[in-house]
1. How much space per residue, in cubic angstrom, does the convex hull of the C-alpha atoms of the range 96-148 take up?
2. Please give the length that would be gained between Ala23 and Gln74 if that part of the chain were fully extended, namely 0.36 nm times their separation in residues minus their C-alpha to C-alpha distance (nm, one decimal).
3. With each pseudo-label sitting 7 Å past Cα toward Cβ, what's the Arg132-Thr120 distance in nm, one decimal?
4. Could you name the lysines whose alpha carbon sits less than 18 Å from that of Lys147, not counting residues in the same chain fewer than 8 places away?
5. Could you report the chain's accessible area per residue, 1.4 Å probe, as an integer in Å²?
6. Keeping the other protein chains in place, figure out the carbon and sulfur percent of the accessible area of the range 1-106, with a 1.4 Å probe.
7. Within the set of other residues whose C-beta is less than 12 Å from the C-beta of Pro123, count the net charge using Lys and Arg as +1 and Asp and Glu as -1.
8. Keeping every protein chain in place, order Arg105, Arg25 by accessible area at 1.4 Å, biggest value first, i.e. largest first.
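The values are calculated or read from the model by the stated rules, or taken from the named source; none is laboratory data. Remember, predicted model here, so these are calculated numbers, not experimental data. As a convention, Cβ positions derive from the backbone with ideal geometry for all residues, glycine included, and neighbour counts pool all protein chains shown. These accessible areas exclude ligands, DNA and RNA; they are computed on the full protein's heavy atoms, side chains included. Shrake-Rupley method; radii C 1.70, N 1.55, O 1.52, S 1.80 Å.
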Amino acid sequence: MSSSSVDQYLASLPDERREALQALRAVILTNLPKGFEECISYGMIGYVVPKSIYPAGYHCDTSLPLPFLSIASQKNFIAVYHMALYADTGLHDWFVGEFPKHSSRKLDMGKSCIRFKHGTDIPIDLIADLVRRVSVDTWVAIYEKMKG
């Protein structure tokens, strides 16, 4: 799926997935700290540190802004990719500890990817809290330290 806008991305999804991604998007936009921007990033709905704030961009491709968070409809699941979960062990450990308080489902998580089989499985309040926890300045500092 190649979308040039968030609206186009959402419109291309089946109803159940569209509703889940719209709910995720709404909670992210409501709780996202100032400075991040929404865009299509790597074919997903992304939230990035714009080059106006962090001109160095993403070290893998410096023409791109620094990625922070993405949401996507994958073949078998809905994904939330939160880069700070991978880069900050304290945040990761907090999230893993909090998840069972918000969901009866088993946590399905990779390094930065949280996978949900169904939109109804997404603990919206926990995602809101996760999104609020990392400011642009904090994310840039974590990224700089991780990058070395």
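1. Numbers: hull volume 5.0 nm³, N = 53.
In the range 96-148, the Cα convex hull volume per residue is 95 Å³.
2. Working: separation 51, 0.36 × 51 = 18.36 nm, distance 1.62 nm.
Answer, rounded to one decimal: 16.7 nm.
3. Each label point is offset 7 Å from its Cα along the Cβ direction, giving 2.7 nm.
4. Within the straight-line cut-off, Lys147 pairs with Lys51, Lys111.
5. On the way: 7760 Å² over 148 residues.
Per residue, the chain has 52 Å² of solvent-accessible surface.
6. Values: 2850 of 5560 Å².
Carbon-and-sulfur percentage of accessible area, whole number: 51.
7. Details: positive: Lys101, Arg105; negative: Glu98, Asp121, Asp125, Asp129.
Local charge sum for Pro123: -2.
8. Arg105, Arg25
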